[in-house]
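Visitor: Pasting a structure here, questions to come.
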Amino acid sequence: MKKKRKKEPIVRQLLMSEMATLGPERFRELLKTCDREEGFIRPVDAAGVLGVSRQYVSELIREGKLRTWMMGGGKFVSMREVDELNEDMGREAG
């Protein structure tokens with residue numbers, strides 16, 4: 001059974017800081033995306049989860065295998081997509 005991962009607290013804080021600039025409709029949309037994607041992590045953290053280099057994560061982003069979201073001036077990737085890649089690579093995310 002797949003374990004549901006908690007969202008990264010920093011992402012919630014970033015979303016809250018973006019609320020004023022996004023407006024209520026876009027903010028709600030971004031919160032729904034955060035839920036659907038099972039949270040977001042920085043690409044450098046995704047590299048650690050996947051056991052690969054940051055450069056390889058950048059390559060995955062360029063190839064469209066990982067999508068990015070900009071929040072609070074930083075780039076984030078989907079935890080759901082990282083988990084899926086990890087399964088495809090024969091590893092269990094954790």
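Visitor: In the stretch 47-74, how many residues are surrounded by fewer than 17 Cβ atoms within 10 Å (Cβ to Cβ), within 12 Å of the chain's Cα centre (by Cα) and closer than 23 Å to Ser17 by Cβ?
Guide: 5
Visitor: Scan the stretch 18-45 and report the pairs whose first residue is touching a residue at least 60 places away in the same chain (Cβ under 8 Å) and whose second residue is part of a helix (DSSP H, G or I) and among the charged types (D, E, K, R), with Cβ atoms within less than 7 Å and a gap of 6+ or a chain change.
Guide: Final answer for the pair search is none.
Visitor: Also, I was wondering about something else. Might you check whether a residue that is at pLDDT 90 or above, touching a helix residue (DSSP H, G or I) at 6+ places or on another chain (Cβ under 6 Å), of a type in the set (A, V, I, L, M) and outside any helix (DSSP H, G or I) occurs anywhere in the stretch 43-65?
Guide: no
Visitor: Oh, and also: Could you identify the single residue in Val44, Val77 that is buried (at least 16 other Cβ atoms within 10 Å of the Cβ) and within 12 Å of the chain's Cα centre (by Cα)?
Guide: Every option except Val77 fails the conditions.
Visitor: Based on what the data block shows, is Lys2 in contact with a strand residue (DSSP E or B) (Cβ under 9 Å, 6 or more places away or on another chain), modelled with pLDDT under 75 and outside any helix (DSSP H, G or I)?
Guide: no
Visitor: Give the number of residues within the stretch 80-92 that are buried (at least 16 other Cβ atoms within 10 Å of the Cβ) and touching a residue at least 40 places away in the same chain (Cβ under 8 Å).
Guide: 3
The values are calculated or read from the model by the stated rules, or taken from the named source; none is laboratory data. Quantities reported herein were computed from a predicted structural model and do not represent experimental measurements. So basically every Cβ, Gly included, is an ideal-geometry build from the backbone, and we count neighbours across all protein chains shown.
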